[in-house]
Amino acid sequence: QVQLVESGGGLVQPGGSLRLSCAASGSMFRFNEMGWYRQAPGKQRELVAVITSDRITNYADSVKGRVTISRDNGKNTVYLQMDSLKAEDTAVYYCYARAVRLGDYVPRDYWGQGTQVTVSS
């Protein structure tokens with residue numbers, strides 16, 4: 001099975017930076033797309049950024065220019081570098097992966113447990 005283990009959340013002041021990491025395990029899987037979503041209290045889960053195995057990226061308009069997503073395909077790990085953080089970035093950040101079991105053709109979505117990011121002075 002696939003497991004996604006997140007790290008790097010925490011409390012940061014406005015204007016500060018954080019780097020989130022998510023390591024995916026599952027030797028029999030190919031991770032086509034990986035990324036991050038977030039959910040603030042009382043709001044729906046929303047896209048932050050995703051990256052394909054070919055390193056094609058997509059960012060939410062609200063984070064463009066402040067956030068950089070990257071991945072290490074050899075480690076099945078995705079990173080989210082967040083700079084110039086704002087109070088409205090406060091949310092639980094969820095790692096996401098779309099993976100295909102080797103020998104299969106059906107992609108499935110997997111989610112991490114979430115890591116809290118709080119931006120406050």
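The values are calculated or read from the model by the stated rules, or taken from the named source; none is laboratory data. All values reported here derive from a predicted model rather than from experimental measurement. Here Cβ is always computed from backbone atoms with ideal geometry, including for glycine, and neighbour counts include all displayed protein chains. Side chains are part of the model used for accessible areas, which takes the heavy atoms of the whole protein and leaves out ligands, DNA and RNA. Shrake-Rupley method; radii C 1.70, N 1.55, O 1.52, S 1.80 Å.
General observations
- Qualifying residue in region 23-35 (condition: modelled with pLDDT of 95 or more and within 26 Å of Ser120 (Cα to Cα)): yes
- Residues that are farther than 14 Å from Gly26 by Cα, not small (Gly, Ala, Ser) and not in a strand (DSSP E or B) were ranked within region 62-73; the one that is most open to solvent (accessible area, probe 1.4 Å) is Lys64.
- Residue within region 27-34 that is out of contact with any helix residue (DSSP H, G or I) (no Cβ under 8 Å at 6 or more places or on another chain), in a loop (DSSP other than H, G, I, E, B) and not aromatic (Phe, Trp, Tyr) present: yes
- The one condition from (1) closer than 20 Å to Met82 by Cα; (2) open to solvent by 50 Å² or more (accessible area, probe 1.4 Å); (3) not basic (Lys, Arg) that Gly42 does not meet is (1).
- Test: residue in region 74-97 that is at pLDDT below 95, of a type in the set (Gly, Ala, Ser) and open to solvent by less than 60 Å² (accessible area, probe 1.4 Å): no
- Residue check for Thr52: open to solvent by 50 Å² or more (accessible area, probe 1.4 Å) and at pLDDT 95 or above: no
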